[in-house]
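Okay, structure first, notes after.
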Amino acid sequence: MFVGSAQAAKLMGVSVRRICQLLSSGRIQGAFKTGRSWIIPLFDGMPKVSEGTRGPKARWRRKRPAPVTIIHVNQHTIRQNQKQENAAPVISVKRGQTNTYGHEVEIYGPCRVVYRRDNPKPYGPRVWIETLSPVEVITKN
């Protein structure tokens, strides 16, 4: 796959000007110029940059943010539990693509409570708890 200098700068987390400097010094491997544009090949999703002769080692790694854990209480399940004998878990813990249900949640670190009246989450809640800390979900039988 090939990208231009602006896309390469975004992938590497540097400015377009820095990409132009690397290109002019020949440090981006496989890059070539067509007209006024640079074509940069990607290796494993990133441009391959050879090491410089001075300064610290380069850190051309995409930083992926840790997924935020979102905790909220399902009101519909609370209403259903009033009509049934067995209490279904009402607390939902979402982290990335996984969703865990439980009766209790213990948060091991800082967290914040968010209320968005006009901008709820796509799955419904207007109030939830966000945290980057580890979370333990406890299910009672």
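Observations
- The GluC sites (Glu not before Pro) of the stretch 80-141 that meet both conditions, a loop assignment by DSSP and at most 10 other Cβ atoms within 10 Å of the site Cβ, are E85.
- Percentage relative contact order, the chain, counting C-alpha pairs under 8 Å, at least six apart: 19
- Among T69, T131, T98, the largest mean-square fluctuation in a Gaussian network model of the chain (Cα springs under 10 Å) belongs to T98.
- Structure note, pairs K83/K140; K10/K57; K48/K94: Cα-Cα distances above 24 angstrom occur for K48/K94.
- Computed from the C-beta positions of M46 and R116 and an R0 of 35 Å, the FRET efficiency is 0.50 to the nearest 0.05.
- The label point for E130 and the one for R54, both projected 7 Å from the Cα toward the Cβ, are 4.2 nm apart.
- Dipole magnitude of the stretch 69-138 about its Cα centre (Cβ charges: Lys, Arg +1; Asp, Glu -1), debye to nearest 20: 380
- Label-point gap, in nm, between F32 and Q80 - each point 7 angstrom along Cα→Cβ: 6.0
- Mean ellipticity per residue at 222 nm, deg cm²/dmol - from DSSP H runs of n ≥ 4 across the chain, formula -39500 (n - 2.57): -5000 deg cm²/dmol
- Lys/Arg +1, Asp/Glu -1 at C-beta; the chain dipole; positive extreme among P89, I129, Q21: Q21
Read-outs throughout are calculated quantities, based only on the coordinates presented, and are distinct from any laboratory measurement. For clarity, every value in this text was computed on a predicted model and none was experimentally measured. FYI the Cβ positions are ideal-geometry reconstructions off the backbone, even for glycines, and counts take in every protein chain you see.
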